Amino acid sequence: MTVQHPRARPIALLTAKDLSAQTGMSMSTIYRKRSTGESLPRAVKLGGHAVRWRQSDVDSWIEEQLEPEAR
């Protein structure tokens, strides 16, 4: 799904399935982490039970999870 604002770049919104594919976590792990408040990218609530994740937030979160480089 892509949301577009006037004069702005499109915002890529990912489903839990997309997030699973990019992180290697199962969908059940994603939902468990979400319900327990464990570390995940910030979610976008679309109403009801619909939740998506911005690609930019997922990319940043993945970078934060990297171990420091060995010196």
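No value in this document is a laboratory result; all are computed from the given coordinates. What you see is a predicted model, and the numbers here were worked out from it, not measured in a lab. Reconstructed Cβ throughout: ideal geometry from the backbone, glycine too, with neighbour counts over all protein chains shown.
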Dipole of region 2-65 [Lys/Arg +1, Asp/Glu -1 at C-beta], most positive-end residue of THR29, GLY48, LEU13: GLY48
Test item: Cα-centred dipole of the chain, Lys/Arg +1 and Asp/Glu -1 on Cβ, debye: 400
Distant-in-sequence amide H partners of ARG54 (H built 1.01 Å from N, under 5 Å): LEU14, VAL44
Net charge of Cβ neighbours under 11 Å - reference LEU13; Lys, Arg +1; Asp, Glu -1: 0
By average C-beta atoms within 10 angstrom, highest first, the peptides 25-34, 53-62: 53-62, 25-34
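With the cut-off at 1.5 for a/c, could you classify the chain from its C-alpha gyration tensor as rounded, prolate or oblate?
Oblate shape, in that a/c is at least 1.5 and b/c is the bigger or equal ratio.
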